[in-house]
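Each remark here refers to the structure printed beneath this line.
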Amino acid sequence: MAESPMALDKSLTLRRRFPDPDDGVLSGSGISGGTNMASTTQAPSVASPRLSLVVMGVSGSGKTTVGERLAADLKIDFIDGDALHSPEARAKMASGRPLDDEDRWPWLDRIGRALADLAAHPRGLIVACSALKRAYRDRLRASAGPDLRFLFLKGDEAMMYARVGARKGHYMPASLVDSQFATLEDPSGEPGVLTLSADVDLDKVTADTTSGLAAL
């Protein structure tokens with residue numbers, strides 16, 4: 001039986017918003033690509049819009065782990081926002097001093113430019129970035145464009161202390177978890193924001209994310 005025009009339209013809309021993971025990806029230099037199989041690499045269809053997504057939350061929320069899993073499943077590029085911090089900012093955090101807004105603005109601008117870079121990331125880009133304040137998220141929206149979406153990984157302080165304390169060789173000390181929660185402005189209710197638990201099942205996170213973003 002032929003599908004109704006309404007059903008076909010809904011199917012096409014979902015496929016355009018979240019392209020088929022089997023379509024392949026063009027990977028940018030110095031970032032994680034969604035696939036390491038060169039034989040499947042191809043340019044995206046012109047009709048397939050990019051997915052620009054910031055995985056956000058306090059330190060220890062699992063931004064990098066979740067972002068890498070989403071990028072691998074959806075076969076698009078991933079950047080850990082920590083890699084875009086200046087050496088001075090890294091040194092400041094390593095010494096136990098929290099960043100201030102003057103440290104963060106140029107960092108957010110670098111992330112925003114990456115998210116908007118169609119040539120480097122034609123299928124889209126997922127970035128792990130704390131984006132703790134509304135002003136930071138608005139800064140990213142201004143540079144990345146109106147299609148930017150946020151995935152907020154929400155958890156309590158006890159969970160974050162345990163995770164950050166268990167890290168080896170990371171510049172962010174557990175002592176800064178308090179300052180992260182003090183800075184955090186919960187994005188729930190903002191446009192284009194999906195909230196999931198920070199202990200989300202990695203085997204379900206891609207399905208939960210794509211379905212949640214489609215419903216926004």
Sole residue being small (Gly, Ala, Ser), modelled with pLDDT under 95 and out of contact with any Lys or Arg (no Cβ under 6 Å at 6 or more places or on another chain), chosen from GLY60, GLY67, GLY34, GLY96: GLY96
So LEU8, is it farther than 17 Å from LEU148 by Cα, of a type outside the set (Asp, Glu) and at pLDDT below 90: yes
Residue within region 134-150 that is at positive phi and within 14 Å of the chain's Cα centre (by Cα) present: no
Boolean, ALA2 is surrounded by fewer than 15 Cβ atoms within 10 Å (Cβ to Cβ) and at pLDDT below 95: yes
Matching residues, region 176-197, being of a type in the set (Gly, Ala, Ser) and at pLDDT below 95: SER179, ALA182, SER188, GLY189
Top-ranked residue of region 89-122 - restricted to ones that are more than 16 Å from VAL54 (Cα to Cα) and among the small types (Gly, Ala, Ser), ranked as surrounded by the fewest Cβ atoms within 10 Å (Cβ to Cβ): ALA119
Matching residues in region 65-88 - criterion: being of a type in the set (A, V, I, L, M) and crowded, with 20+ Cβ neighbours inside 10 Å: VAL66, LEU70, ALA71, LEU74, ILE76, ILE79
Top-ranked residue of region 192-216 - restricted to ones that are assigned to a loop (DSSP other than H, G, I, E, B) and within 14 Å of the chain's Cα centre (by Cα), ranked as farthest from LEU140 (Cα to Cα): ALA198
Enumerated strands (runs of 3 or more DSSP E) restricted to region 45-130, each holding at least 3 residues that are closer than 15 Å to VAL205 by Cβ: 51-56
Subset of region 131-143 that is among the basic types (Lys, Arg) and in a helix (DSSP H, G or I) - its residue that is surrounded by the most Cβ atoms within 10 Å (Cβ to Cβ): ARG137
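The values are calculated or read from the model by the stated rules, or taken from the named source; none is laboratory data. Since the structure is predicted, the reported quantities are computational estimates derived from the model, not experimental observations. We place every Cβ from the backbone using ideal geometry, glycine too, and count neighbours over all the protein chains shown.
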